[in-house]
Amino acid sequence: MKKLIYTMLGLFLIISCASPTCECENSGNGFVLPGQSVNMGSEGVVDVFKKIDAAWMVRDYETMKAHIADDGNYRFEDGTVVTNGEDFVAKVEEQYQKDLADGVAWQWNTDYAFSVYPSKTDDDNW
């Protein structure tokens, strides 16, 4: 009986390890522009967001800069666009000081986060 169990277990392991992975043609689940799809991102991106959000709350600018790429375009609600970590944290500090002066509490709730990205287009529009 032991031999039969070990044989079956061995066959199961060989068969399960030999199964080819499914290569999906398109992981898109929506559209933006003609010929462009919206794709699900990774949980890793959400984890980075959580780290930035937590650092932002306590104004840990070194942690924020460590997670912000120096070749991005980051838009703030007032229309300001910054392109690197140093300018990003300078803008955050400016907003913090303005909120303090205006008596606005430095707090927020992050109720949800998800990661999506559009596929590339021929003319780099998104």
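The values are calculated or read from the model by the stated rules, or taken from the named source; none is laboratory data. The structure displayed is predicted, hence computed values, not measured ones. Glycine also receives a Cβ, built like all others from the backbone with ideal geometry; neighbour counts cover every protein chain displayed.
Points worth noting:
- Those helices (runs of 4 or more DSSP H) of region 1-108 in which 1 or more residues are at pLDDT 90 or above and acidic (Asp, Glu) occupy 43-57, 61-67, 85-102.
- Applying the criterion of being surrounded by 13 or more Cβ atoms within 10 Å (Cβ to Cβ) and of a type in the set (Val, Ile, Thr) to the residues of region 37-79, the residue that is farthest from TRP108 (Cα to Cα) is VAL38.
- Tally, over region 76-115, of residues that are among the hydroxyl-bearing types (Ser, Thr, Tyr) and more than 20 Å from ALA66 (Cβ to Cβ): 2
- Hey, TYR117 loosely packed, with under 11 Cβ neighbours inside 10 Å, within 30 Å of PRO34 (Cβ to Cβ) and not basic (Lys, Arg) or not: no
- Any hit, region 88-96, residues being without any contact (Cβ under 8 Å) to a residue 60 or more places away in the chain and exposed (fewer than 11 other Cβ atoms within 10 Å of the Cβ): no
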